[in-house]
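K.L.:
I am attaching a structure below and will ask some questions about it afterwards.
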Amino acid sequence: GTDTVYGRGKALLPAPPPATLNGTTATYTPLTVPTRVLDTRAESATPGAPIGPHPRYSVLDLPVGFAGATAVAVSIVSVDATAAGYIQAVPTLMGQLGASSNLNVAAIGQVQPNFAIVPVGVSGSISLYLFAGGNVVVDIMGYFTPTVAATAAGRFVAVAPQRVLDTRPESGGPVPPQWTPHRPAAGETVRITGIPAGAAAAVVNVVADQAVGAGYLRTQPTGATGLTTSNGNYIAGLASGTLSIVPVGADGTVSVFTSNSTHIVADLMGYITGPAAPVSATGLFVPLMPGRVYESRLTGGIHTGLTSRTLQMTGQSTPVIPAGASAISMNLTSDAAAGAGFLTVFPADQTLPVISNLNYPATDPRANAGMVRLSPSGALTTFVNRTTHVIIDVNGYFTG
């Protein structure tokens, strides 16, 4: 009968989620002004946010707010972590928790940012697995929507990675015209030139180096005003970089604002095409269930300093990257490094470029996103200047 111990009736469960992601090819739409969609800190919470700090292993579902989007480009920041660990972003009710990671937290309370492209899951949402607990801040930078035909705008053109800004006098640039190499002061904004003509957005990895204290970088369209978000956090004495997809300003450049005095280094990985680009089916995005495709802790052993290692990306086990893909979207992680150093990832048919994809500290794990062109055979080469383990998680690829 009806009572408070056994009750009666039936539980109504929702329909099972789809077995696979929407794998339709998609184009990218950058947001001129990044949108903050989640901040769980009580003092700055977004409307309706679940207030933290959250315990370890919490899962937060986040509607992305763009109807029909199959993936979103987001900046994720871990704040007030309650333990060492990581944050993982997955499509809601579809990703395997613990099978990949997006950013790593080495100590309680550490602030760690990263960029990620996250496939969208059930109910137009993504989910954040807070293995490290704490608070989390998410800004949406843009989104991918399906297209089944060749198109002009919204495609990713991966280039041979190249350095487009270096403010350090000893490095010899490049720097903007009429700009003298020096360490930018707190509040200074530096332009990045060398963006291909007609690009709607630039895909750049931006590094803070030799900072005098803690601060943040904001990569933005040149001439933009009123922005309040950030693209990367740094501390004194340790190089720190973050990938970004940045809309191009009216003069064809993007700019970097720094909140504290630090040198700035930027490497161009590619660009998003604008409406005047040739019509093509190359560079369309296909989301994949986030998964680990390489981990030197399990296969191949640690990467020795000043050595290269070529890795086959296409035709491997889940997630499957098909032959002919032009580039991949991934997350790179260093772990157990012998000292502070950098990881460079580049197409296997190219010689070692003067760039970095990930700057890492000694011992502690550190992650950064990557969008890198593949060689015609579907391979990448990695180079590390200090001995470290390397981990690669993939979340999608671009058509060739």
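The values are calculated or read from the model by the stated rules, or taken from the named source; none is laboratory data. Keep in mind the model is a prediction, meaning the values are calculated, not measured. Every residue, glycine as well, gets a Cβ built from its backbone with ideal geometry; the counts of neighbours run over all protein chains shown. With ligands, DNA and RNA removed, areas are computed over all heavy atoms of the protein, side chains included. Shrake-Rupley method; radii C 1.70, N 1.55, O 1.52, S 1.80 Å.
K.L.:
When the dipole is taken about the Cα centre of the chain, and only Lys, Arg (+1) and Asp, Glu (-1) are charged at their Cβ, what size is it in debye, to the nearest 20?
P.N.:
Computed about the Cα centre, the dipole is about 320 debye.
K.L.:
Can I ask one more? Tell me which of ALA49, GLY68, VAL105 sits at the most positive position along the dipole axis of segment 1-136, charges placed on C-beta atoms (Lys, Arg +1; Asp, Glu -1).
P.N.:
So the residue furthest toward the plus end is GLY68.
K.L.:
Next question, about the same structure. Kindly state, to the nearest 0.05, the FRET efficiency for SER171 paired with LEU93, given R0 = 56 Å and r defined as their beta-carbon distance.
P.N.:
So the FRET efficiency works out to roughly 0.75.
K.L.:
For the chain, report the accessible area per residue in Å² (1.4 Å probe, heavy atoms, rounded to an integer).
P.N.:
Details: 15490 Å² over 400 residues.
On a per-residue basis, the chain sits at 39 Å².
K.L.:
Give the whole-number value, in cubic angstrom per residue, of the convex hull volume spanned by the C-alpha atoms of segment 282-374. Before the final figure, lay out the partial values.
P.N.:
Working: hull volume 10.2 nm³, N = 93.
Dividing the Cα hull volume of segment 282-374 by its residue count gives 110 Å³.
K.L.:
Apply the Karplus curve 6.51 cos²θ - 1.76 cosθ + 1.60, θ = phi - 60°, to the phi angles in segment 266-278 and return the couplings in whole Hz, x for Gly and Pro.
P.N.:
For segment 266-278, the Karplus-derived couplings read 10, 10, 8, 9, x, 8, 9, 6, x, x, 8, 6, x Hz, x marking Gly and Pro.
K.L.:
For ASP349, list long-range residues whose amide hydrogen, built 1.01 Å from N in the peptide plane, is under 5 Å from its own amide hydrogen.
P.N.:
SER375
K.L.:
Taking one equal scatterer on every alpha-carbon of segment 201-293, how large is log10 of I(q)/I(0) by Debye at q = 0.12, 0.16, 0.25 1/Å?
P.N.:
For the requested q values the scattering log ratios are -0.47, -0.75, -1.22.
K.L.:
A follow-up question, please. How big is the accessible area of ARG36 in square angstrom, nearest 10, if you roll a 1.4 angstrom probe over the protein chains?
P.N.:
90
K.L.:
What number, in nm² with one decimal, is the all-direction average of the projected area of the convex hull of the alpha-carbon atoms of segment 1-107?
P.N.:
11.1
K.L.:
In whole Hz, what ³J(HN,Hα) sequence does segment 44-59 give by Karplus (6.51, -1.76, 1.60; θ = phi - 60°), x for Gly and Pro?
P.N.:
9, 4, 6, x, x, 5, x, 6, x, x, 8, x, 4, 6, 5, 10
K.L.:
If I take every Cα pair under 8 Å that is 6 or more residues apart in segment 282-392, average their sequence separation and divide by the length, what percent do I get for the relative contact order?
P.N.:
Working: 263 pairs, mean separation 44.3, N = 111.
Computed value for segment 282-392: 40 percent relative contact order.
K.L.:
Relative contact order of the chain: what whole-number percent is it, with Cα pairs under 8 angstrom and at least 6 residues apart?
P.N.:
18
K.L.:
Work out the charge dipole of the chain with +1 on the Cβ of Lys and Arg and -1 on the Cβ of Asp and Glu about the Cα centre, then indicate which of GLN178, VAL164, ALA201 is farthest towards its positive end.
P.N.:
Farthest along the dipole direction, towards plus: ALA201.
K.L.:
Same structure again: Using the Cα centre of the chain as origin and beta-carbon charges of +1 (Lys, Arg) and -1 (Asp, Glu), tell me which of VAL190, LEU217, PRO322 is placed farthest towards the positive end of the dipole.
P.N.:
My answer, from the dipole projection, is PRO322.
K.L.:
OK, next. Rg and Dmax in Å for segment 111-245, alpha carbons only: what are they?
P.N.:
Radius of gyration, then largest Cα-Cα span, for segment 111-245: 17.3, 52 Å.
K.L.:
Oh, and also: 5 Å is the cut-off here: which amide hydrogens, built 1.01 Å from N in the peptide plane, fall below it relative to ALA84, excluding neighbours closer than 5 in sequence?
P.N.:
Placed amide hydrogens put ILE108 under 5 Å from ALA84.
K.L.:
Could I ask something else about it? Can you list residues from other chains, or at least 5 along the same chain, whose modelled amide H is less than 5 Å from the amide H of ALA340?
P.N.:
The list, which skips near neighbours in sequence, is ALA362.
K.L.:
Same structure again: Just checking my list [x] 1.07; [y] 1.22; [z] 0.97 against Rg/Rh (Cα atoms, Kirkwood Rh) computed from this structure; which label fits?
P.N.:
Matching entry in [x] 1.07; [y] 1.22; [z] 0.97: [z].
K.L.:
Just to check I understand the Karplus step: with θ = phi - 60° and J = 6.51 cos²θ - 1.76 cosθ + 1.60, what whole-Hz values come out for segment 359-372, glycine and proline as x?
P.N.:
In residue order, the calculated couplings are 9, 10, x, 5, 6, 5, x, 8, 10, 7, 6, x, 10, 10 Hz.
K.L.:
For ARG297 and ASN385 in one chain, what is 0.36 nm times their gap in residues minus the Cα-Cα distance, to one decimal in nm?
P.N.:
Stretched fully, the ARG297-ASN385 segment lengthens by 29.9 nm.
K.L.:
Can you put ASP166, ASP251 in order of accessible area, largest first, using a 1.4 Å probe?
P.N.:
Working: ASP166 5, ASP251 85 Å².
Result, largest first: ASP251, ASP166.
K.L.:
Pairs of alpha-carbon atoms within less than 8 angstrom and 6+ residues apart define the contacts here; what relative contact order does segment 226-364 have, in percent?
P.N.:
Numbers: 98 pairs, mean separation 31.2, N = 139.
Computed over segment 226-364, the figure is 22 percent.
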